[in-house]
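*Asks:* Take a look at this one; I'll ask things after.
The values are calculated or read from the model by the stated rules, or taken from the named source; none is laboratory data. These figures come from a predicted structure and were not determined experimentally. Cβ: placed from backbone, ideal geometry, glycine included. Neighbour counts: every protein chain shown.
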Amino acid sequence: MPPVLAVSIEYSRVLANVIGITDSELPALLAGTSISPAKFKVHEGYIDWHDQHRIIKNALSIFNQEGLGVVAGQFYPLASHGAMGSAAMSAPNLKEALAMFMRYSRVRAQFTQLSSTQKDGNFILTHELLVEHDSVGQFLIEALLISAKLSIDFLVGRPINNAKVLVNFPKPSYNELMEDILKCPVYYEQPEIEFILPIEYLSLPVATRNKTNKELAEQQCQTLEQQFEPTTTVSEHVIELLRQLPGRQLTQAQMAQLLNMSSRTLLRRLKEEGVGYQALHDAEQKKLALHYLNQPNITLELISESMGYHDPSSFRRAFKRWFGTPPSEYKRTQ
């Protein structure tokens, strides 16, 4: 079974190509992950979010220029999205193609959730980022929007110039590059991440439409979806996600969102298993804190940051609550 928060490894291989990684540079790209260079080259399937986050973070450092998400997004065409992309390319019209993306996005990556609505004559596609809104999160937003816009342009056979893009981050220094590639206005510091286009585009036929190919691609998507059907308990899924996202202090509501259920449902499901969310969260935090404290030459500030605390004093209070003693005293007694 794939990780709870899974991403196709193919996206990372494309990213490696974009920044020109050679065999000798591959260890630097994979530093801090559980993936060997040999596995990276041949593995088919998924990697977990911790490894994906680290790869993108390493790539941002290696690339050492602003706007990597914008650059990389141009290299994620429909064909790079596997069976989901094939299903969209084979759809009869743009409306059905977009439905394929919303229906099967999780078979390719689970760091975002797609939804749509129609308002004032516009179709609004909303991207909800389910992971950290850090430099990696901004990379993902930029790459997703560039890939989505270029894919839609391909499907309808021409650039859609009267679309609009809304993002939740400030205007970057490379905004002109992004707007030139998108060929539509971008509005910054918005509450939602949205791609908006006039509703009449939805009825446009897709030139590569093919009913047989669409059915085959959907069958493949459905087979891939089965890998994500829960075969373990909810508490095991919670623990796995806490371990994949060690730098976030996830609330119960945020965890429920990652598991695609309501907070009330998560509470009920955990109660049925005889556990509570806070107990699971604290147990993993305690293990992680002890792991970091046992590392040589690591500061309390770095431990606090790595565990998602705003400052060392917050971490100290949590540690004392867990173990009855401050971290410095605990380390001296070991």
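*Asks:* Looking at (1) assigned by TED's automatic domain parsing to the domain that holds Leu145; (2) more than 20 Å from Thr223 (Cβ to Cβ); (3) buried (at least 19 other Cβ atoms within 10 Å of the Cβ); (4) in contact with a strand residue (DSSP E or B) (Cβ under 6 Å, 6 or more places away or on another chain), which one does Gln110 not meet, given that it meets all the others?
*Replies:* Every listed condition holds for Gln110 apart from (2).
*Asks:* Taking Ile124 as the residue in question, decide whether it is under 23 Å from Arg103 (Cα atoms), in a helix (DSSP H, G or I), modelled with pLDDT of 95 or more and of a type in the set (Val, Ile, Thr).
*Replies:* Criteria not met by Ile124.
*Asks:* In segment 292-317, which residues are at pLDDT 85 or above, out of contact with any Lys or Arg (no Cβ under 9 Å at 6 or more places or on another chain) and among the small types (Gly, Ala, Ser)?
*Replies:* Ser313, Ser314
*Asks:* Please give the number of the condition Thr251 fails out of (1) modelled with pLDDT of 90 or more; (2) over 19 Å from Gln113 (Cα atoms).
*Replies:* With (1) modelled with pLDDT of 90 or more; (2) over 19 Å from Gln113 (Cα atoms) applied to Thr251, the lone miss is (2).
*Asks:* Counting only residues that are modelled with pLDDT of 95 or more, surrounded by 13 or more Cβ atoms within 10 Å (Cβ to Cβ) and of a type in the set (Gly, Ala, Ser), give me the helices (runs of 4 or more DSSP H) lying completely in segment 127-239 with at least 3 of them.
*Replies:* Values: elements: 135-156, 175-182, 211-226.
By residue number, 135-156.
*Asks:* Quick one: which helices (runs of 4 or more DSSP H) lie wholly within segment 280-334 and hold at least 3 residues that are of a type in the set (D, E, K, R)?
*Replies:* Qualifying helices (runs of 4 or more DSSP H): 312-323, 327-333.
*Asks:* While we're on this one: Filter segment 19-31 for residues that are part of a loop (DSSP other than H, G, I, E, B) and either surrounded by 12 or more Cβ atoms within 10 Å (Cβ to Cβ) or of a type in the set (Val, Ile, Thr) (or both) and give the result.
*Replies:* Ile19, Ile21, Thr22, Leu30, Ala31, listed by residue number.
*Asks:* Given the conditions (1) part of a helix (DSSP H, G or I); (2) at pLDDT 90 or above; (3) hydrophobic (A, V, I, L, M, F, W, C), report the number of the one that Val275 does not fulfil.
*Replies:* Checking Val275 against (1) part of a helix (DSSP H, G or I); (2) at pLDDT 90 or above; (3) hydrophobic (A, V, I, L, M, F, W, C), the one that fails is (1).
*Asks:* Does segment 36-58 hold any residues that are surrounded by fewer than 21 Cβ atoms within 10 Å (Cβ to Cβ) and aliphatic (A, V, I, L, M), and which are they?
*Replies:* Of everything in segment 36-58, those that are surrounded by fewer than 21 Cβ atoms within 10 Å (Cβ to Cβ) and aliphatic (A, V, I, L, M) turn out to be Ala38, Val42.
*Asks:* Another question, if that's okay. Counting only residues that are small (Gly, Ala, Ser), modelled with pLDDT of 95 or more and over 18 Å from Ile124 (Cβ atoms), how many does segment 89-112 have?
*Replies:* Here is the first cut: in segment 89-112, the ones small (Gly, Ala, Ser) are 90-91, 97, 99, 105, 109.
Remaining after also requiring modelled with pLDDT of 95 or more: 90-91, 97, 99.
Those still in the list that are over 18 Å from Ile124 (Cβ atoms) too: 90-91.
Summing the residues that are small (Gly, Ala, Ser), modelled with pLDDT of 95 or more and over 18 Å from Ile124 (Cβ atoms) in segment 89-112 gives 2.
*Asks:* Ok, one more. With the checklist (1) of a type in the set (Asp, Glu); (2) within 28 Å of the chain's Cα centre (by Cα); (3) exposed (fewer than 12 other Cβ atoms within 10 Å of the Cβ) in hand, flag the one item Glu284 doesn't pass.
*Replies:* Unmet condition: (3).
*Asks:* Has segment 247-265 got any residue that is hydrophobic (A, V, I, L, M, F, W, C), more than 26 Å from Gln52 (Cα to Cα) and not assigned by TED's automatic domain parsing to the domain that holds Ser135?
*Replies:* Checked segment 247-265: no residue is hydrophobic (A, V, I, L, M, F, W, C), more than 26 Å from Gln52 (Cα to Cα) and not assigned by TED's automatic domain parsing to the domain that holds Ser135.
*Asks:* Go through segment 4-62 residue by residue and tally those that are under 18 Å from Val131 (Cα atoms), at pLDDT below 95 and of a type in the set (Gly, Ala, Ser).
*Replies:* Going through segment 4-62 one residue at a time, the tally reaches 2.
*Asks:* Could you say whether any residue in segment 72-89 is hydrophobic (A, V, I, L, M, F, W, C) and closer than 26 Å to Pro191 by Cα?
*Replies:* yes
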